[in-house]
Amino acid sequence: MALLQQILYKVKIISVAGAPVSEVSDLQTDSRKVKPGSCFIAVKGTLTDGHSFINAAITGGASVVVCEILPATLSDNIQYIVVGNSAVAAGIMAHNFYGELSGKIKLVGVTGTNGKTTIATLLFKLFSQLNYKCGLISTVQNQIAGKILPSTHTTPDAISLNKLIAEMYAEGCTYVFMEVSSHAIDQHRIAGLTFAGGIFSNITHDHLDYHKTFDEYIRVKKQFFDSLPSFAFAISNADDKRGAVMLQNTKAKKYLYSLKTMADFKGKIIENSLRGLVLVINDIEVHCRLIGTFNAYNLLAVYGAAVCLNENKQTVLQVLSGLTGAEGRFDYMVSRNEKIIGIVDYAHTPDALLNVLATIKNLKHGEEKVITVVGCGGNRDKAKRPVMAEVACQYSDQIIFTSDNPRNEDAAQIIKDMEAGVPIIARKKYISIVDRKEAIKTAVNLAGQQDIILVAGKGHEKYQEINGIKYDFDDKKILSEMFQLVGK
Ligand SMILES: CC(=O)N[C@H]1[C@@H](OP(=O)(O)OP(=O)(O)OC[C@H]2O[C@@H](n3ccc(=O)[nH]c3=O)[C@H](O)[C@@H]2O)O[C@H](CO)[C@@H](O)[C@@H]1O[C@H](C)C(=O)N[C@@H](C)C(=O)N[C@H](CCC(=O)O)C(=O)O
Ligand SMILES: Nc1ncnc2c1ncn2[C@@H]1O[C@H](COP(=O)(O)OP(=O)(O)OP(=O)(O)O)[C@@H](O)[C@H]1O
Ligand SMILES: N[C@H](CCC[C@H](N)C(=O)O)C(=O)O
Ligand SMILES: [Mg+2]
């Protein structure tokens, strides 16, 4: 049980009605999870409005209701608290409920279209190797010190998020590295948290189904930096067109990283091959295992954050040089007889696909073919489909369009949306195969000695979501099984 008054600390209350209640057993934004004594917070969502479930929550046992609009009829023995924004209230209340712990650990948030998982995971690995107990909140998995927990979102809802941070604190974690998605910022999942630092990777086309315009997407991402406290650090990518804008109104201490211009954290690529990257970072040469220019940016962001967190520069670079990236990001394998190269990557935006394919192009020695297998997710930004197809065609010798997670859409129609982006000159080099396993198999059959197969879009995912059901599916496992069979 927790005192209601304490949980409401810092919440902007407009009015209070009904019967006074002093304690609640927990907080819930979902009426279906309410228990006797719960405080139900009615949040306006994207599909429905939590206010329609106030009665269901009361029937379920809620004793307190936090809402933006008071119901027409009030139930007996229930306290109603009217707030300006229930989602913001949920964030602040969850933070209070779990002991305001974000300020007691060092919480670092990473935002941007691409690179969040990579940067957060590298920071987690780096600080763990520097002998700190750390937490990780990411798309691939959550981790509390060594314990791995499954992840359902890039950034969990406010209640799950604060609960997770509380578990991390209880386990003795002193650092938590987390991804901050644009959905999370917009839906106030991070409201109430105190960040020690924020990192911006980049912003390119994605999620326009949700944010509607690119300007709005930028505005939402910027809000994260606008809300950082003055004692925090804010690190941004000087080479991204919007890198400066992100820090324009932040109170935090500002730092920039760059491969192209003068910056606090300045990098230069000396070598970029399948063996990894050789970089000079602020005059120190470092050999890294990560591949591709985009990873040079991720490494610079990680280095910058570690320096801002007062770690020794030499030690940081020493540890960084041994680190591998996150699962399903440029995961590299070679077929039996060492003939075909396979790369599984989570590129599911035009920019990510472009970066990965440009990296592969740079790494080629000669006339090897690049065969790309790619699809787009259903119930997500439709505008990126033709653009991803165009990018795939531009940088590949052969392309197989296939399904990703169709969710509630028709996989064949998603592929048609992609095909609309195929340039006329590329019409002869693509085929479409809805069944993703068949598509991967076909790519392996098409590949000759030394050719490179890129399987893009699903990275670490272990399922394919079709009409609400998650079927077992693992690009890496399928590709490696087929690679075992390749005898040519
Ligand atoms: C579009 C979106 O972001 N939706 C998220 C949002 O749900 P919503 O706004 O649609 O909620 P809703 O269904 O309209 O319901 C409104 C309210 O009524 C409540 N309700 C609903 C039904 C009921 O019977 N009783 C009840 O109380 C709900 O609990 C909710 O509080 O809030 C929920 C709780 O936080 C999230 O689980 C849900 O994520 C959905 C499943 C999702 O797929 N989200 C993706 C797009 C997402 O968030 N992705 C980002 C990463 C993106 C990236 O950068 O790559 C992420 O952070 O994971
Ligand atoms: N700094 C970067 N710039 C551009 N592309 C990148 C960068 N880092 C990674 N990528 C590409 O984007 C893909 C996704 O990377 P990552 O998972 O780190 O990003 P993310 O921001 O966490 O994505 P999500 O929003 O889906 O969680 C990678 O598989 C790679 O193709
Ligand atoms: N976090 C991203 C993941 C997309 C991954 C891709 N495989 C897809 O299903 O579209 C999203 O929810 O939009
Ligand atoms: Mg991620």
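Test residue 164 against the criterion of being surrounded by 20 or more Cβ atoms within 10 Å (Cβ to Cβ), in a loop (DSSP other than H, G, I, E, B), away from ligand 3 (no atom under 16 Å from the Cβ) and in the same structural domain as residue 252 (by the TED database), and give yes or no. Don't jump to the end; show me each part of the working.
Details: surrounded by 20 or more Cβ atoms within 10 Å (Cβ to Cβ): yes; in a loop (DSSP other than H, G, I, E, B): no; away from ligand 3 (no atom under 16 Å from the Cβ): yes; in the same structural domain as residue 252 (by the TED database): yes.
So residue 164 fails the test.
Can you tell me which residues in the stretch 189-213 are farther than 21 Å from residue 304 by Cα and either away from ligand 3 (no atom under 16 Å from the Cβ) or at pLDDT 95 or above (or both)?
189, 190, 191, 192, 193, 213
Restricting attention to the stretch 93-116, report how many residues are within 16 Å of ligand 4 (Cβ to nearest atom), closer than 18 Å to residue 196 by Cα and either assigned by the TED database to the domain that holds residue 456 or among the hydroxyl-bearing types (Ser, Thr, Tyr) (or both). If you could, list the steps in order and put the result at the bottom.
Applying the first criterion (within 16 Å of ligand 4 (Cβ to nearest atom)) to the stretch 93-116 yields 108-116.
Restricting the remaining residues to those that are closer than 18 Å to residue 196 by Cα gives 108-112, 116.
Cutting the leftovers down to either assigned by the TED database to the domain that holds residue 456 or among the hydroxyl-bearing types (Ser, Thr, Tyr) (or both) gives us 111.
So the answer is 1.
If a residue has to be touching a helix residue (DSSP H, G or I) at 6+ places or on another chain (Cβ under 8 Å) and not in a loop (DSSP other than H, G, I, E, B) to count, how many in the stretch 88-100 make the cut? Can you show your working first?
In the first step, residues of the stretch 88-100 are kept if they are touching a helix residue (DSSP H, G or I) at 6+ places or on another chain (Cβ under 8 Å); the result is 90-91, 93-99.
Imposing the further condition that a residue be not in a loop (DSSP other than H, G, I, E, B) reduces the set to 90-91, 93-97.
The number of residues fulfilling the criteria is 7.
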Worksheet entry | Residue satisfying all of: in the stretch 43-52; surrounded by 14 or more Cβ atoms within 10 Å (Cβ to Cβ) and within 14 Å of residue 158 (Cβ to Cβ); nearest to ligand 3 (Cβ to nearest atom) among these | 43
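A quick yes/no check of all residues on (1) within 14 Å of ligand 4 (Cβ to nearest atom); (2) in a loop (DSSP other than H, G, I, E, B):
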| residue | (1), (2) |
| --- | --- |
| 153 | yes, yes |
| 172 | no, yes |
| 188 | no, yes |
| 191 | no, yes |
| 199 | yes, no |
| 215 | no, no |
| 225 | no, no |
| 229 | no, yes |
| 234 | no, no |
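Applying the selection to the stretch 429-488, what residues are part of a strand (DSSP E or B) and in contact with a Cys (Cβ under 9 Å, 6 or more places away or on another chain)? Spell out how you get there, then give the answer.
The first filter runs over the stretch 429-488 and keeps only residues part of a strand (DSSP E or B), leaving 430-432, 452-456, 463-466, 469-472.
Selection gives 430 alone.
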Practice prompt. State yes or no: is residue 396 hydroxyl-bearing (Ser, Thr, Tyr), surrounded by 18 or more Cβ atoms within 10 Å (Cβ to Cβ) and in contact with a Phe, Trp or Tyr (Cβ under 9 Å, 6 or more places away or on another chain)?
Written response: yes
Discussion item. I'd like the residue in the stretch 130-140 that is more than 14 Å from ligand 3 (Cβ to nearest atom) and part of a strand (DSSP E or B) and, out of all such residues, is farthest from the chain's Cα centre (by Cα).
Written reply: 134
Discussion item. What are the pairs with Cβ atoms under 6 angstrom where one residue, in the stretch 282-305, is touching a residue at least 60 places away in the same chain (Cβ under 8 Å) and within 9 Å of ligand 2 (Cβ to nearest atom) and the other, located anywhere, is assigned to a strand (DSSP E or B) and among the hydroxyl-bearing types (Ser, Thr, Tyr)? Sequence gap at least six, or different chains.
Written reply: 301/257
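Which of the residues belonging to the stretch 117-147 are among the aliphatic types (A, V, I, L, M) and away from ligand 4 (no atom under 16 Å from the Cβ)? Walk me through how you get there before you give the answer.
Initially, the stretch 117-147 is screened for residues among the aliphatic types (A, V, I, L, M), giving 119-120, 122-123, 126, 130, 136-137, 140, 144-145.
Once the filter is applied, which keeps residues that are among the aliphatic types (A, V, I, L, M) and away from ligand 4 (no atom under 16 Å from the Cβ), the stretch 117-147 yields 126, 130, 144, 145.
So how many residues does the stretch 53-87 have that are part of a strand (DSSP E or B) and among the hydrophobic types (A, V, I, L, M, F, W, C)?
Keep residues of the stretch 53-87 that are part of a strand (DSSP E or B), which gives 64-67, 79-83.
Among the residues that remain, those that are also among the hydrophobic types (A, V, I, L, M, F, W, C) are: 64-67, 81-83.
Within the stretch 53-87, residues that are part of a strand (DSSP E or B) and among the hydrophobic types (A, V, I, L, M, F, W, C) number 7.
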Discussion item. Condition first: in contact with a Lys or Arg (Cβ under 7 Å, 6 or more places away or on another chain), within 23 Å of residue 27 (Cα to Cα), among the hydrophobic types (A, V, I, L, M, F, W, C) and more than 16 Å from ligand 2 (Cβ to nearest atom). Now tell me which residues in the stretch 158-175 satisfy that.
Written reply: 158
Practice prompt. Identify all residues within the stretch 11-42 that are surrounded by 14 or more Cβ atoms within 10 Å (Cβ to Cβ) and under 14 Å from residue 92 (Cβ atoms); write none if there are none.
Written response: 11, 27, 29, 39, 41
Worksheet item: Which helices (runs of 4 or more DSSP H) does the stretch 279-393 wholly contain that include 2 or more residues that are not assigned by the TED database to the domain that holds residue 425?
Response: 293-308, 313-320
Practice prompt. Assess whether residue 235 counts as being under 30 Å from residue 363 (Cα atoms) and in contact (Cβ under 8 Å) with a residue 24 or more places away in the chain.
Written response: yes
Practice prompt. Residues being out of contact with any strand residue (DSSP E or B) (no Cβ under 8 Å at 6 or more places or on another chain) and of a type in the set (A, V, I, L, M, F, W, C): count how many of those fall in the stretch 232-275.
Written response: 2
Discussion item. For the stretch 141-156, which positions are modelled with pLDDT of 95 or more and away from ligand 2 (no atom under 16 Å from the Cβ)?
Written reply: 144, 147, 148, 149
Fill in: Enumeration of residues in the stretch 358-388 that are among the hydrophobic types (A, V, I, L, M, F, W, C) and farther than 21 Å from residue 480 by Cβ
358, 376, 383, 387, 388
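The values are calculated or read from the model by the stated rules, or taken from the named source; none is laboratory data. What you see is a predicted model, and the numbers here were worked out from it, not measured in a lab. Cβ: placed from backbone, ideal geometry, glycine included. Neighbour counts: every protein chain shown.
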